[in-house]
Structure formats: C-alpha cells, structure tokens
Amino acid sequence: MRHVEYPKVFPGDPPVQCFLPPFWMKMMYPGPKNPPDHVVFKVHPQMTKRDVWQYLEKIYNVPVVDVRVKMVYHDLEPVDISVEERTQRLNDSTNFPPKPERYEKVAYVRLAPGEVFVFPDLFKDKRPSDPLDVLDDDFVNEPKNRQGKATSHSSRKLETNKLQPLKGGIKWFGF
C-alpha cells in the first residue's frame, strides 16, 4: 500500500490543489553502453511506476513506452574498512564523506520509438584556469635531466604566486 503525505486540510478550507506533486526525480548517468532511448532516474522513494510515467508525460511532455522501478538498499557497511577506520568515523565524522541514504529508488525509463536521449556534457566548454595550463606546460617542457630539481620546484612555486592576482598580498590565501 502506498502512503503519500499531503498538506493538512481543516474543515472549511478550500480543496487542496497540488499542481506539482511532492516528488522529485534526479537524472543519472546511464553508462556508455546504454541504448539512446533509455534514461535512468533516481526518484522519490514513494513514487510508483505510474507516478514516474505521468510525471514525465504530463509535466515534461516526454513520450514514455515503459518504466521499471527498483529499490536499492545500502544497509551493510563495506567489508574492506578496518576496525580503526570505523571507530575514527564514529569519533570524528567530519573527515569522512557522508554515508549514502539507507535506501533509494531507481527508475529505468524507455522512451517512445524515434526519441533519443543524450546525457548532457556539462563540462565540454569549461577550461581549466590559466595558471594550471602554465604549470602543465612547464612540466611537459621540463628538461630530462633532474639535477636542478629543487630550483625548478621553487621557481614553479613563485610562478603560481605571481599568477594569482586575487590573493591581495596574502601568502597563505591559496592553501
């Protein structure tokens, strides 16, 4: 049985009009070998197949042929973590990445024939900063002999300090 929590209604109030459902969907990268008409979403745990189907068709006008929904559980701790690391995680949790949710729901959506989905490449136009380009060029063009290793490292460090004008004269700002 499905349980959905809607806003509380008191006698005399107008009827609840929910234009957008209290659900969410997060698009996930399906992998390089996924067919172009398949899309993968991480969805709200209370969503059913029909909810996913209607969400995509009614709100986004995406023609859907089939939806499969799967629950993924993360109850078990990883086996490869030592006892010391587990106790450290309990004592100081800020040094470790957050644990994933205990469970999540994944929806596999198949689009109508003729519809193609390409996962967006968000960083194709983004370039690394110029100081990193200069450091990479210095590293590639560095002479093959390693006798002046200390001087080349210190000169690279000075170049990085010169190339960061936003520091405002504070040397420790770039940590």
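Derivation of every value follows stated rules applied to the coordinates shown; laboratory data play no part. All of these numbers come straight from a predicted model, not from anything done at the bench. As a convention, Cβ positions derive from the backbone with ideal geometry for all residues, glycine included, and neighbour counts pool all protein chains shown.
Could you give the length gained by full extension between Gln88 and Asn34, i.e. 0.36 nm per residue of separation minus their alpha carbon distance, to one decimal place?
Length gained between Gln88 and Asn34: 15.5 nm.
Each label point is 7 Å from the Cα along the Cα-to-Cβ direction; what then is the distance between the points at Arg110 and Trp24, in nm?
Each label point is offset 7 Å from its Cα along the Cβ direction, giving 3.0 nm.
So for Asp37, Asp92, fewest C-beta neighbours within 10 Å to most, what's the order?
Fewest-to-most Cβ neighbours within 10 Å comes out as Asp92, Asp37.
Which FRET efficiency value, to the nearest 0.05, do you get for Val62 and Asn95 by plugging their Cβ-Cβ distance into 1/(1 + (r/R0)^6) with R0 = 30 Å?
For Val62 and Asn95, the calculated efficiency is 0.10.
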